[in-house]
Amino acid sequence: MSPRSFAAAIFVVALVAPSLVAAQDDGTRARVLFELSADAYQEGRFEAAAGMLEEAYRLDPAPILLYNLARARESNGEDERAADAYRTYLELEPEADNRAQIEARIRALAPPPQEVVVQSEPVVEAPLPEEDSGRPTWAPWLVAGLGAGVAGAGVIVGVMANSRASDAEGAVNHEAGSLLAVEADGLATTSTVLLVAGGAVALAGVIWGVIWAATGEVDDHAEAQDRKSVV
């Protein structure tokens, strides 16, 4: 494997691993927020319900969350934002059974957006820079720095997890405590992944740098011998 391919693989591991582990926790938090938003909607707290649904959709972008968000916005008197949520829902669910009713609600809430014709300018491609044939001696240390940054982020997330756990224990009601506890668990898992992934990437970068430096010295020595042979 070439040094560039090795570096690319390290970047992928560092960036993707935390997301894969956190995905399950995001789904759990989204379901909790969905249930709490239903209670808030029934109690007439439409703005609170909309906020919970927006956060749930950010964690788990299920189209049904947009439909409920539109209803909450409409009940809260936010016609334009409700219409936008309905439109997005129909874009994601074009075969929805209640499409006709939703389109009628959109027309009642807000007029369709006017088309704006923008005259595009010709695209001028910039010349590609010449490839540097030199050895990018900074690359391994950049990878090591990235790993250290990821590990540092893990420490910060761990502190946040401890803070959320403390807040959950001191929560004044069960609803807030449950949300904080779920968030604390998710942050703790993410912190562990970031620490492990960041440490692995940093160590790989250092090893790569040492090997790179050693290889460079050998290459330089070989070039010097070749020049002497020519002379």
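For segment 118-137, residues that are surrounded by 10 or more Cβ atoms within 10 Å (Cβ to Cβ) and at pLDDT 70 or above total 1. Tally up the residues in segment 64-95 that are outside any helix (DSSP H, G or I) and either surrounded by 18 or more Cβ atoms within 10 Å (Cβ to Cβ) or in contact (Cβ under 8 Å) with a residue 12 or more places away in the chain (or both), please. Final tally of qualifying residues: 3.
Restrict the check to segment 42-63 and report whether at least one residue is crowded, with 21+ Cβ neighbours inside 10 Å, of a type in the set (K, R) and free of Cβ contacts under 8 Å to residues at least 60 places away in the same chain. Scanning segment 42-63 turns up no residue that is crowded, with 21+ Cβ neighbours inside 10 Å, of a type in the set (K, R) and free of Cβ contacts under 8 Å to residues at least 60 places away in the same chain. With respect to P140, is the statement that it is under 31 Å from the mean Cα position of the chain (by Cα), at pLDDT below 70 and of a type outside the set (D, E, K, R) true? Answer is no for this residue.
Cβ-Cβ distance below 8 Å, separation of 6 or more or different chains: which pairs start in segment 102-113 with a residue that is among the β-branched types (V, I, T) and end on one that is assigned to a loop (DSSP other than H, G, I, E, B) and modelled with pLDDT of 90 or more? Final answer for the pair search is I102/A96. Every listed requirement among (1) modelled with pLDDT of 70 or more; (2) within 32 Å of the chain's Cα centre (by Cα) is met by Q101 save one, (2).
The values are calculated or read from the model by the stated rules, or taken from the named source; none is laboratory data. Please read all numbers here as calculations on a predicted model, not as lab measurements. Glycine gets a Cβ as well: all are built from the backbone with ideal geometry, and neighbour counts include every protein chain shown.
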